[in-house]
Amino acid sequence: MIVWLTMELAAASSLWPVEVGQTIEGIAVELGDPQLASVIRGLNGLPPGAQPRIGRLLKLPDQASTSEQDAFLELTVGEVTVTTQGGRPQAAQRLVALPTGAQVCTGANSYALLHVATTCAEDGPVGDGVVLWSDTCITLRAVGATRAGRATVVEVDQGSLVVADPKEVTGRVTVVAGAGMATGTGGFRVHLESDDALRAESLTSRLALLGDDQQLDLEAGKGARVQADGQLSATVDLLKPGGLVRPDVGEPLRRVQFRWTPNAEAFGYRVTLSGDAAGNGILHARALTTPVYAPELLLLPVAPGEPVWWRVAALDRLGFLGIPTPTRPFGLPWGGTP
């Protein structure tokens with residue numbers, strides 16, 4: 001385990017992941033005040049003139065923050081708990097501000113949509129969405145904003161999350177897992193594997209993977225790992241989606257069966273059902289080995305008449321989950337319980 005990485009994970013208002021070519025002086029300029037360079041060095045135990053290693057999380061001074069930010073749960077499905085520092089797990093409450101240092105966990109077949117670094121705008125709240133899959137625990141390490149934009153750091157304690165595409169690209173979400181981290185503006189997945197490797201999949205935009213003084217830039221459609229020793233793996237091409245077959249757009253689901261075009265390279269598939277067209281509000285998900293999903297019973301927490309969207313992604317032989325299909329809506333004629 002890389003000691004310098006874990007040492008910087010104390011809760012803070014703002015943290016800065018150091019990428020290739022960045023210096024303390026350059027970071028201070030991006031924050032709008034070159035005089036902050038000496039303050040940043042002092043906060044992080046760096047002597048005059050020293051530069052940080054790639055992949056280090058720098059603590060930023062309070063002067064670097066520009067506004068207060070909120071983190072809250074918009075959607076919870078199943079068993080979702082919140083644990084604040086020094087407390088015990090409590091049932092999660094929607095639309096309640098979460099303090100920095102809080103841990104959010106989902107149980108089996110449970111999901112959550114977390115909004116981080118959220119501020120008010122003329123057309124409504126603007127922030128960054130983090131989708132927690134089942135059996136996942138994450139800890140909020142920093143939720144803030146600087147002159148360089150919104151800046152959130154979350155640590156994956158177990159499981160998987162997806163950083164959704166933002167409404168506007170002014171924020172950055174950094175996900176720490178194992179001995180590495182992934183940082184980008186959104187549209188990527190991170191999974192902490194059983195051997196403490198970080199697996200990342202870039203879906204829609206550039207993603208930087210940071211390991212032991214190393215960096216790997218992933219373009220959309222690429223995946224890679226940061227191994228438990230901080231070393232970076234080779235880049236792989238993510239499997240592309242096939243086509244959704246049944247149910248068709250808006251078709252009532254009178255028989256519980258989903259079908260899609262098989263991918264000859266796929267070792268499995270993951271089908272997800274969500275309550276929104278973006279696919280962020282996950283209601284149900286299953287891992288499968290064949291291109292058909294036909295459960296005997298499907299229980300979804302939706303009101304009668306509300307549409308549900310579904311999508312599929314293929315799993316490759318190296319364990320990477322591919323690019324998902326576009327979402328497709330279908331109807332639930334029996335009030336959400338076909």
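Under the definition of Cα pairs under 8 Å and six or more residues apart, what whole-number percent is the relative contact order of the stretch 32-180?
Working: 322 pairs, mean separation 28.6, N = 149.
Over the stretch 32-180, the number comes to 19 percent.
If you roll a 1.4 Å probe over the stretch 217-260 with all protein chains in place, what percent of the accessible area is carbon or sulfur?
Values: 1070 of 2350 Å².
So the carbon and sulfur contribution to the accessible surface is 46 percent.
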Legend entry - Selected from Ile323, Pro47, Gly305, residue furthest toward positive end of dipole (the chain; charges at beta carbon): Gly305
Legend entry - Given charges at beta-carbon only (K, R positive; D, E negative), |dipole| of the chain in Debye: 640
Legend entry - Inter-label distance for Gln214 and Leu43, nm, one decimal - labels placed 7 Å from Cα along Cα-to-Cβ: 2.9
Inset, instruction - Using DSSP, restrict attention to beta bridges with both residues in the chain and report what percent are antiparallel, rounded to the nearest 5. - result: 95
Legend entry - Value of relative contact order over the chain, rounded to a whole percent, pairs C-alpha under 8 Å and six or more apart: 12
Legend entry - Area accessible to solvent at Glu30, 1.4 Å probe radius, in Å²: 90
Inset, instruction - Report, in deg cm²/dmol and to the nearest 500, the calculated mean residue ellipticity at 222 nm for the chain, where each DSSP H run with n ≥ 4 adds -39500 (n - 2.57) and the sum is divided by the residue count. - result: -1500 deg cm²/dmol
Inset, instruction - Counting only heavy atoms of the protein chains, get the accessible area per residue of the stretch 90-236 (1.4 Å probe) and round it to a whole Å² value. - result: 35
Inset, instruction - Note down the relative contact order for the stretch 172-320 as a percent, whole number, built from C-alpha pairs under 8 angstrom at least six residues apart. - result: 17
Inset, instruction - Return the distance in nm (one decimal) between the two label points of a simple spin-label model at Glu79 and Asp276, each offset 7 Å from Cα along Cα→Cβ. - result: 2.6
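The values are calculated or read from the model by the stated rules, or taken from the named source; none is laboratory data. Model, not experiment: these values are computed from the prediction. Here the Cβ is made from the backbone with ideal geometry for all residues, glycine too, and neighbour counts use every protein chain on show. When the accessible area is computed, the model is the full protein with side chains, heavy atoms only, and any ligands, DNA or RNA have been set aside. Shrake-Rupley method; radii C 1.70, N 1.55, O 1.52, S 1.80 Å.
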